[in-house]
Structure formats: C-alpha cells, structure tokens
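Chemist: My questions will all concern the structure given below.
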Amino acid sequence: MKRILVTGGAGFIGANFVKFLLKEETDVFIVNYDAMTYAGNLESISDVLTDDRHVFVHGDIRDSVKIDETIKSHRLEAIINFAAESHVDRSIEGPEAFIDTNVNGTLKLLISSQKIGLKRFLQVSTDEVYGSLLPDEEAFREDTQIKPNSPYSASKAAADHLVRAYHHTFGLDSITTRCSNNYGPYQFPEKMIPLCINNAFNNKKIPVYGDGMQIRDWLYVEDHCRAIWLAFKNGKTGETYNIGGGNQMTNIELVKIILKECGKDESLIDFVKDRPGHDRRYAIDFSKIKRELAWSPLCNFDAGIRKTVKWYCENRKWLDNLTSGEYKKYYEKMYSGR
Ligand code: NAD
Ligand code: DAU
C-alpha cells in the first residue's frame, strides 16, 4: 500500500505529513489532492513539488468524478484524508462549509473507496469529537462517548460515524485517528500558536479568550505525522486510535511561554470576549496507540515550541504572505467584535 491519495496535503498537517512520508519511505507514491481553500498553500510544499514520488492535483473532495479519475489514473491503493475546514471560530461564523467538506466530502471519498475497492482509508479526526472535560475528569479514551460541542467538531464526529458505518456495512478497511492540538511549521496563523507568534513579532496584542484558563494538550506536528503513518501501516482495521502529547496546559500559560520565547513581555496579553461554547478542557489517553503500535511523542514541549518560534522567525516571508491577504480582513473583523 505505497500508492496513496493524501487529501488536504497543502494545509498545515497534510504538508508536514507529505514531507515526513517522502523522507521516511523511499518506495512511496503520493498524490496530494487539495482544493486550495484559504488554508491551502503551495508555498508550504514548494520543496517537494519536484519530487517524482509526489504529484499535486488541484481538486475538491466533494468532486466524485475527479476523485475517481485521480485514483484510477494513478493506480492509487489507499486514502489518507486530511482535507477539512479546520477552524472552530470559522465554524461558528459559517457552519455550512464545514458540513459540505467535512461530512459530504468525506462521504464522497468513502463512496469512491468502496466502489473502486481501495485497500485502506484513514480518517484524520480530532479529540474535539469527545467534547469538553471537567478539571477532575479522566482523559478521553477511544470508547469515551462522542459529545461534540462546536459546528466544527460536530462535522468531524459525523464524518467519523460515516467511516465507522462504511466499515461495518461495506467492510471497508478503515482506521480513524483522533489527535489533540498540533503545533509546528506551516500552521495557518488563525490558530492560537502561530497567531500568538505572529502578533508578538509585530508587537500586536495577543487576544486571549475569556479567562485564558482553558486547557489544551499540545503535540508537535511531526509526532502526529509519525502516529498517522504507523496507524496506516499497522493499525487494526475498523479501529480508532487516540493521539496526544501529554502536554496539558492552560492557554494563558501557553501565551506566556511563547512571549518569553519571542523575547516580548506580558503587556501584550489582551483578555477578550470568549469563544461561544468554548470547550474548557481536552486531555487525551493515548495508551492504546502506545501499547498496540509502540508510538509515543518524541518531541517535548520546550524543544517543540523553541523549534516552532525559530521556524516562524526564519520564515517571516511565508507568514507575511499569508497575513497580508484574506487573513488580514478576517483577523480585523474577528477581533473588532471582541
Ligand atoms: P488546515 O486547515 O491547515 O488544512 C486543511 C487543508 O484541506 C487545506 O489545504 C485546504 O485547502 C484543504 N481542503 C479544505 N477543503 C477541501 C476540500 N473540499 N477538498 C479538498 N481539500 C480541501 O487543517 P489542519 O490543521 O492541517 O488539519 C488537517 C486535518 O487534521 C483536519 O481534518 C483536522 O480536522 C485534523 N486535525 C487537526 C488538528 C490541529 O491541531 N490542527 C488536530 C487534530 C486533527
Ligand atoms: O484539539 C484538536 C483541534 O485543535 C483541531 O481539531 C482543530 O482543527 C484545531 O483548530 C484546534 O482547535 P482549537 O480550537 O483548540 O485551536 P485554536 O488554535 O483555535 O485555539 C486553541 C485555544 O486557544 C482554544 O482554547 C481557543 C484559544 N484561543 C484561540 C485563538 C485563535 C484564544 O484564546 N485566542 C485566539 O485568538
């Protein structure tokens, strides 16, 4: 299974995954299929566009004809689905695009996989499908009840259910992975960590939602990529694997660490109106993937955040190209309302 359709490979995790896989495996062929929404960025994969083991196709996962044609013409054997609308705040402003891509798009990929007879389908999902935890509640396990709270997480949960249904009803060989918050190079600056780094570089205020005491579990993106690849290669069909960093921290702690790393002081912190329905705490029990697939995170948070700040500092052009376009309008609208 070395001929793979990777969807959403011009986005943050997808781009990191494509690079990871080309480095990790010599004998692999990737078709990187991406609709190039505001979050897709060819600059993020410019270094691998000339690799003859990697072909970029501009296409939408909702376009079944193009998916079928791409799979058949490149004799692909499996799909790893990263393509999604991924930002919670945008899902609150406009949920339709989330249902269209995350639910209907995933369904189109499942239909093609089953019809063509692909050997494996891996759905890249999220810990957000489990909902929110109280301070003393146990971390999410794979059998924790699904209780999504935002339009984004509801759309991802719906897609997970469709993957499960395709396995159960049609015997499709599928795997679902559910990961906690990622950080690292090439992340779109609407997300907390690159937003914070970018604003700190530009001496702009850092908007911290509510009291800043929400807890997230941060994982360096390359560790996520390695977990996905292990689950794809060795995971048991029909199973779900949680992936986490074991790095729970409050948002305010996170912001202070980043400001220190950027050499800025805490006067940049600005407490603003909270995100509606904001999940208070995520924590993930990743003992299953550790036990069954021998995966653990390799990058600790201190090293990961240092590498990340350094990367954005050395790639200011990448950041400036993004923050001067559509994002500038989005950011201004978003924060003038808070
Ligand atoms: P991202 O927004 O950076 O990238 C998404 C990519 O999908 C973009 O390149 C975009 O152009 C593409 N895309 C969107 N709609 C498409 C469509 N209809 N057809 C084809 N391509 C389309 O997202 P990300 O942060 O890299 O997340 C990737 C996946 O991982 C998502 O499924 C997300 O739910 C999941 N995930 C993300 C995190 C995280 O912390 N970022 C954690 C766990 C899971
Ligand atoms: O847990 C996995 C999920 O992590 C993924 O499924 C999503 O695709 C990804 O976007 C991420 O979701 P979050 O909502 O947790 O990430 P975000 O970077 O938007 O926010 C992280 C935390 O920081 C969250 O508690 C909200 C808060 N925040 C965010 C922004 C953008 C702020 O306080 N201020 C901000 O400006």
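Each reported figure results from applying straightforward, stated rules to the coordinates on display, with no laboratory input. In this text, all values refer to a predicted model and were calculated from it rather than measured experimentally. Don't worry about glycine lacking a Cβ; one is built from the backbone with ideal geometry, like all the others, and counts go over all protein chains shown.
Chemist: Taking the Cα-to-Cβ direction at L134 and at H161 and moving 7 Å from each Cα, how far apart do the two end points lie in nm?
Modeler: Distance between label points: 2.6 nm.
Chemist: Using 0.36 nm per residue, how much length does the chain from T50 to K2 gain when fully extended, once their Cα-Cα distance is taken away? Walk me through the numbers on the way to the answer.
Modeler: Numbers: separation 48, 0.36 × 48 = 17.28 nm, distance 1.88 nm.
Computed gain between T50 and K2 is 15.4 nm.
Chemist: For N247, list long-range residues whose amide hydrogen, built 1.01 Å from N in the peptide plane, is under 5 Å from its own amide hydrogen.
Modeler: Placed amide hydrogens put W218 under 5 Å from N247.
Chemist: Quick one: which residues, 5+ away or cross-chain, put their amide H under 5 Å from the amide H of N182? H built at 1.01 Å from N.
Modeler: Distant-sequence amide H within range of N182: L219.
Chemist: Considering only DSSP states other than H, G, I, E and B, which trypsin sites (Lys or Arg not before Pro) in the stretch 71-137 qualify as loop sites with at most 16 other Cβ atoms within 10 Å? The partial results should precede the final answer.
Modeler: Working: sites: K72, R75, R90, K108, K115, K119, R120; in loops: R75, K119.
Here the trypsin sites (Lys or Arg not before Pro) that fit, given the DSSP loop and packing criteria, are R75, K119.
Chemist: In addition: So if I take the centroid of the Cα atoms in the stretch 291-328 and the same for the stretch 20-42, what is the distance between those two points in Å?
Modeler: Taking the Cα centre of each part, the stretch 291-328 and the stretch 20-42 sit 17 Å apart.
Chemist: Relative to the compact-globule scaling 2.2 N^0.38 Å, provide the ratio for the alpha-carbon radius of gyration of the stretch 201-338.
Modeler: Working: Rg = 17.6 Å, N = 138, 2.2 N^0.38 = 14.3 Å.
The stretch 201-338 yields a ratio of 1.23.
Chemist: Output the 0 to 90 degree angle, nearest 10, between the alpha-carbon long axis of helix 251-261 and the longest principal axis computed from the alpha carbons of the chain.
Modeler: 80 degrees
Chemist: If I take R0 = 22 Å and measure r between the Cβ atoms of T169 and E96 in this structure, what FRET efficiency does the formula 1/(1 + (r/R0)^6) give, to the nearest 0.05? Mind showing how you got there, number by number?
Modeler: Values: r = 27 Å, r/R0 = 1.23.
Approximately 0.20, to the nearest 0.05.
Chemist: Taking θ = phi - 60°, what integer Hz values does the Karplus form 6.51 cos²θ - 1.76 cosθ + 1.60 yield along the stretch 87-98, in sequence order, with x for Gly and Pro?
Modeler: Couplings: 9, 4, 4, 5, 5, 6, 6, x, x, 4, 4, 6 Hz.
Chemist: Counting alpha carbon pairs within less than 8 Å and at least 6 residues apart, what relative contact order, in whole percent, applies to the stretch 1-132? Write down the numbers at each step before the final one.
Modeler: Working: 206 pairs, mean separation 36.1, N = 132.
Once normalised by length, the contact order is 27 percent.
Chemist: Going by how many other Cβ atoms sit within 10 Å of their own, how do S287, S132 line up, fewest first?
Modeler: Listing S287, S132 from fewest to most nearby Cβ atoms yields S287, S132.
Chemist: Now for a different question. Going through the stretch 38-144, which GluC sites (Glu not before Pro) have at most 13 other Cβ atoms within 10 Å and a DSSP loop state?
Modeler: Numbers: sites: E43, E69, E77, E85, E93, E96, E128, E137, E138, E142; in loops: E77, E85, E137, E138, E142.
Sparse-neighbourhood loop GluC sites (Glu not before Pro): E137, E138.
Chemist: Once the other residues with Cβ under 15 Å from the Cβ of N234 are scored (Lys, Arg +1; Asp, Glu -1), what is the net sum?
Modeler: Details: positive: K2, K119, R120, R226, K233, K236, K288, K290, R291; negative: E24, E25, D173, E239, E292.
Neighbour charge sum, excluding N234 itself: +4.
Chemist: If you bin the C-alpha pair distances of the chain every 10 Å from 0, what whole percents do you get?
Modeler: Histogram of Cα-Cα distances, whole percents per bin: 5, 26, 37, 24, 7, 0.
Chemist: Taking every pair of alpha-carbon atoms in the stretch 55-99, what share in percent sits in each 10 Å bin, from 0 to the bin with the longest distance?
Modeler: For the stretch 55-99, the pair-distance distribution reads 22, 44, 24, 10.
Chemist: Cut-off 10 angstrom, C-alpha nodes, Gaussian network model of the chain. Which of S155, S267, S112 fluctuates the most?
Modeler: Comparing S155, S267, S112 in the GNM, the peak value goes to S267.
Chemist: Under a plain spin-label model, where a point goes 7 Å from the Cα along Cα-to-Cβ, how far apart in nm are N203 and F29?
Modeler: Taking the two extended label points, one gets 5.5 nm.
Chemist: Follow-up question, since we're still on this one. I want to check a number: in the stretch 212-281, how many lysine pairs have alpha carbons closer than 27 Å, given a sequence separation of 8 or more or different chains? Don't skip to the answer; put the middle values down first.
Modeler: Values: K256/K264; K256/K273; K260/K273; K264/K273.
Lysine pairs satisfying the spacing and distance rule in the stretch 212-281 number 4.
Chemist: Give me V208, V103, V65 sorted ascending by neighbouring Cβ count inside 10 Å, so fewest comes first.
Modeler: On the way: V208 21, V103 18, V65 10.
Least to most surrounded, the residues fall as V65, V103, V208.
Chemist: Non-local amide H neighbours of Y33 (under 5 Å, H modeled in plane, Pro and chain starts lacking H): which ones?
Modeler: Counting only residues 5 or more places away or on other chains, the set is V6, T7, G8, G9, V57.
Chemist: Now a separate question. Once each part is reduced to its C-alpha centroid, what is the distance from the stretch 252-278 to the stretch 128-187 in angstrom?
Modeler: 27 Å
Chemist: How do M192, M36 line up, fewest other C-beta atoms within 10 Å first?
Modeler: Details: M192 21, M36 14.
Lowest count first: M36, M192.
Chemist: Report the residues of the stretch 140-171 in range of a label on Y38: point 7 Å along Cα→C-beta, backbone N strictly under 14 Å from it.
Modeler: The answer is none, because no backbone nitrogen lies closer than 14 Å to the label point.
Chemist: On to the next question. If I model a spin label at H278 and S64 as a point 7 Å from the Cα along the Cα→Cβ vector, what separation in nanometres do I get?
Modeler: It is 4.2 nm.
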